[in-house]
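Any read-out appearing in this document is the output of simple, stated calculations on the displayed coordinates, not a laboratory observation. Predicted model only: the values in this text are computed from it and were never measured. Cβ placement follows ideal geometry from the backbone for every residue including glycine, while neighbour counts extend to all protein chains displayed.
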Amino acid sequence: MTVAVNPTQTGEPVFYLADEHPHPEGYSTSLGFWIYLMSDCLIFAMLFAAFGVLGANYAAGPAPKDLFDLNLVAVNTSMLLLSSITYGFAMLTMQQNKIAQTQMWLLITGLFGAAFIGIELTEFAHMIHEGATPQRSAFLSAFFTLVGTHGLHVSCGLIWLVTLMVQVWRFGLIEANRRRLMCLSMFWHFLDVVWIGVFTFVYLLGVLR
Amino acid sequence: MSTDTRAAHADGHHHDDGHAHSTFSGYMLGFVLSVALTAIPFWLVMSGTLPSKQITALVIMAFAVVQIVVHMIYFLHMSPKSENGWSMMALIFTIVMVVIALSGSLWVMNHLNSNMMPIHEMTGMK
């Protein structure tokens, strides 16, 4: 940003900002948070790459066809999709300054998110019970790492959601809380985008293979 | 940063610039599209309607790409204008990185896999 500003009396341009102009608090939060999400995206890309490389190495162990129940995955996907739209409603009611409705939609979002995690953990428990542990084959290691990292993100999102509900309950929809809710909105929708990759490349293509 | 954004920030109400157009109809349109774009791939795989697995795989990957774009536009409110285009710059950079990393890994590792000496030949070398 070397813009010629504040030309001095001699007429020579100065190639820096003489005074840094003040920014309101949270001025750059959404761009900064977006850049964090992009770096998180790279983490998931690496895990997808690992799964892409190792996904067919079953080591004579169970294959996706033996393990995955697509009905369960479809239910799980709809949980996450529903939680995305209810978070959207929370943002809309937040814009209209309706605290009670915002809290209600956040609660519903949290319940859908918890249902997603619950179903995923049930699936994991079922697989481990059948002997399909992460140690069994490279495919299962890559599977548990990728899907587990996503699940961990959603769990962190749930903790964040509860924290923000307490914040809104105690301090109302103040500027800082609006900003935080907007960041969580980006985080939550981003996790849904990652899940599109998971259900397509891990579950659907796995069963197809 | 241009002067008009600074002016927009000065009054403190445009905290959500670049996220301004979140409307009920936008969210609902995005939701309906994503439900369709999720349900069709699941149905294709579970019913096996398409004749070959390759075609099914290509079709569901195409659906995934479209659904990611739908989520970006309607849920994450991406537009070339958000944050003066910096969000889009970060996104394009990330996509370039992801494409290089993913295609490179798959390509190189696939070559390594196919050039690996089979185990029975290795045991014969003892």
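Each residue of the range A:58-72 is assigned a 3J(HN,Hα), and the resulting list reads 8, 6, 6, x, x, 9, x, 4, 7, 9, 8, 9, 5, 4, 5 Hz, derived from the Karplus form 6.51 cos²θ - 1.76 cosθ + 1.60 (θ = phi - 60°), x at Gly and Pro.
With Rg and the Kirkwood Rh both taken from Cα atoms, where does Rg over Rh land for chain A?
1.15
Using alpha carbons only, the radius of gyration of the range A:111-174 set against its Kirkwood radius gives Rg/Rh = 1.19. Residues whose amide H comes within less than 5 Å of that of B:Thr23, counting only those at least five positions distant or on another chain, are absent (H built at 1.01 Å from N in the peptide plane). Neighbour counts of other Cβ atoms within 10 Å put B:Ile68, A:Ile196, B:Ile95 in the fewest-to-most order B:Ile95, B:Ile68, A:Ile196. Charge dipole of the protein assembly as shown (Cα centre as origin; +1 on each Lys and Arg Cβ, -1 on each Asp and Glu Cβ, all else neutral): 720 debye, rounded to the nearest 20. Taking amide H as placed 1.01 Å from N in the peptide plane, the amide H of A:Asn57 sits under 5 Å from that of A:Phe139, each at least 5 places away or on another chain. Taken one residue at a time, the phi angles of the range A:96-110 give Karplus couplings (6.51, -1.76, 1.60, θ = phi - 60°) of 8, 6, 9, 5, 4, 5, 4, 4, 5, 5, 5, 4, 4, 4, x Hz. Gly and Pro are set to x.
Comparing Cα centroids, the range B:43-77 and the range A:185-201 end up 14 angstrom apart. Listed values for the range A:87-95 are Karplus-derived 3J(HN,Hα) couplings in whole Hz (6.51 cos²θ - 1.76 cosθ + 1.60, θ = phi - 60°), namely 5, x, 5, 4, 5, 5, 5, 4, 4, and x replaces Gly and Pro. Amide H to amide H, with H built 1.01 Å from N, A:Val14 comes under 5 Å of A:Val5, A:Thr8, counting only residues 5 or more places away or on other chains.
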